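Student: Here it is: the structure, laid out below.
Since every read-out is calculated from the coordinates, none of them should be taken as a lab result. Only a predicted model underlies this, so the values are computations on that prediction, with no experimental measurement involved. Glycine gets a Cβ as well: all are built from the backbone with ideal geometry, and neighbour counts include every protein chain shown.
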Amino acid sequence: MKTWHLFKKTLLASGAAALFAGCGAPASETSEPTSEASLSTQEQGLLAACDPVELAEVAEHACVHSDFGPFESITAAALGAPVLVDVSLPHTAYNITLPETNYCGWGGRVAFIPEESGELAFLVSRQRGLRIYDAATGAEIARECRYDVPSTVCGSLKTGILADVEAGVEYHLQFLALLEQNAQFTLVIEEAAHDHTEG
């Protein structure tokens, strides 16, 4: 019986690799996990967990915007294309749609230019987070930690990423999805140490 289960697992792994190869994915990406849950787990392993007490209030404030707006609907720039879509308005819920990639999945980038330097929380309504790049140099910006938003704090936002940014610098926020239902989501950006009694 154990042999049969091992055989089935081997077949599934081979099928996943063949599916990626058939979609034209680069060889380096054929070993990627095949579900958003696996990718979320992988990302959690790479990023330290944020202090939940510190971010709960930030997430609650972001949740108000996620549920009640103001809203902006945008389509992200395709990977490798010029990034002309901006998500810099404060206290705004951006409903983002990712375009299909040339291989299996969806992916895109949006521009963000902070008004002030400091630590920001990037909160999204899906399990996967984002990667942040300096638009001028292409260098990836370090993400400090990941916050899994409890449903008791906010039902519409799932994940928060903390990162330090500099005022006036253009950043590109990159999002990827393997499943179509994860290619549409909401993004709210808030100051991590902000007085949330207003806005």
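Student: Calculate the spin-label point distance for E60 paired with A48, positioning each point 7 Å from the Cα along the beta-carbon direction, and give it in nanometres.
Tutor: Result for the modelled spin labels: 2.5 nm.
Student: Using the basic label-point model (7 angstrom from Cα toward the beta carbon), what is the N102 to E144 distance in nanometres?
Tutor: Output for this residue pair reads 3.7 nm.
Student: Right, something else. Evaluate the distance, in nm, between pseudo-label points positioned 7 Å from the Cα of I74 and of E170 along their respective Cα→Cβ axes.
Tutor: 1.2 nm
Student: Per the Kirkwood treatment, what hydrodynamic radius in Å, one decimal, follows for region 35-191 from the mean inverse distance over all distinct Cα pairs?
Tutor: Numbers: mean 1/r = 0.0647 Å⁻¹.
After inverting the pairwise mean of 1/r, the radius is 15.5 Å.
Student: Another question, if that's okay. Going by C-beta contacts inside 10 Å, put S151, S117, S125, S156 in order with the fewest on the left. Kindly include the intermediate steps, with their values, before the conclusion.
Tutor: Values: S151 9, S117 12, S125 22, S156 17.
Neighbour counts put them in this order, fewest first: S151, S117, S156, S125.
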